[in-house]
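> Take this structure, written in C-alpha cells, and hold onto it; I'll ask about it next.
None of the figures in this text is laboratory data; all of them are computed from the coordinates on show. Fair warning: this is a prediction, and the values are worked out from it, not measured in the lab. Glycine also receives a Cβ, built like all others from the backbone with ideal geometry; neighbour counts cover every protein chain displayed.
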C-alpha cells in the first residue's frame, strides 16, 4: 500500500519538524508505562530509534534487553535457528524508528489480524506478504529521503493524553535509512533461500 504524504509536520518548541499527534490511544495496563497511541487502525507515522544488534540464538535476544524489542532474522520457521549471518539480524526497540516504520509494516499485512512486526509478539513472513513488506520498506526509504537530518515523532503520553504529557523522540535520518536497508537485505536473503522472515518480540 503506498505511503501517505509525510510532509504534514509541525515545529516543536525548538523549531524541529515534528509529526502530528494521533487521535486514538491505549493504556499499557500491566507495564506501568506511558499511554501509547493506538495505531492499529490508524496507519499514521509514529517513532523509531531502533538499533541493529547481534543475536546468534533463534529465540534469545541480545543483552542488555529493553522493555519492548523485536529481533528480525531469516529462518525455516519460528522454532528453527537463524540462517542469515548473525550480524545481519535487525533489532528494533520501542522508540522513534520503530514507530515511524509502524504504518509501513501494517501496510504490508495480508489477511492477518495481529500486527506484522510486533514488539510483544512474533510472526513468520513469506510469500506475497514478504513482497508487500519489500514494497513498503522501499516506500518508507523514499519518504525518509525527503526528511531533515533529524525530526521528532510522538511516541505516547505520560499518565494521560494531553499536550503537557506528550512524549516525543528524535529520529535520525541516517539511522532510519540504515535500518530500512538492513531489513530489505533480510527480505532479499529470505527470498533467495526460499525461507521466512521471522519476527521475535518480547
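> Take each of the peptides 113-120, 174-181, 188-195, average the number of other beta-carbon atoms within 10 Å over its residues, and list them starting from the highest. It would help to have the intermediate numbers written out before the result.
Numbers: 113-120: 16.5, 174-181: 18.8, 188-195: 15.0.
In descending order of packing, they fall as 174-181, 113-120, 188-195.
> Could you please rank 185, 91, 168, placing first whichever residue has the fewest other Cβ atoms within 10 Å of its Cβ? Each step should come with its number before you reach the end.
On the way: 185 14, 91 21, 168 18.
Least crowded to most crowded, the residues run 185, 168, 91.
> Can you put 137, 158 in order, fewest other beta carbons within 10 Å first? Walk me through the intermediate numbers first.
Details: 137 23, 158 13.
Lowest to highest Cβ neighbour count: 158, 137.
> Could you calculate the FRET efficiency of residue 87 with residue 191 from 1/(1 + (r/R0)^6), where r is the beta carbon distance between them and R0 is 22 Å, rounded to 0.05?
On the way: r = 20 Å, r/R0 = 0.91.
The calculated FRET efficiency here is 0.65.
> What list do you get for 154, 184 if you sort them by fewest beta carbons within 10 Å?
Details: 154 21, 184 16.
Starting with the residue having the fewest Cβ neighbours, the order is 184, 154.
> For the range 183-202 and the range 79-120, what is the separation of their Cα centres, given in Å?
Between the Cα centre of the range 183-202 and that of the range 79-120, the gap is 10 Å.
> Follow-up. Which three extents, in angstrom, do the Cα atoms of the range 69-112 have along their principal axes, listed largest first?
So the extents along the principal axes, rounded to whole Å, are 28, 27, 13.
> Once you order the gyration tensor axes a ≥ b ≥ c over the Cα atoms, which shape class does the range 95-202 get: rounded for a/c under 1.5, otherwise prolate or oblate by comparing a/b with b/c? Before the final figure, lay out each step's value.
Values: a/c = 2.47, a/b = 1.51, b/c = 1.63.
Oblate is the answer for the range 95-202, as a/c is 1.5 or above yet b/c matches or exceeds a/b.
> What FRET efficiency comes out for the pair residue 128/residue 158, r = Cβ-Cβ distance, R0 = 41 Å, nearest 0.05?
Details: r = 40 Å, r/R0 = 0.98.
Step by step, r from the Cβ atoms, then E = 0.55.
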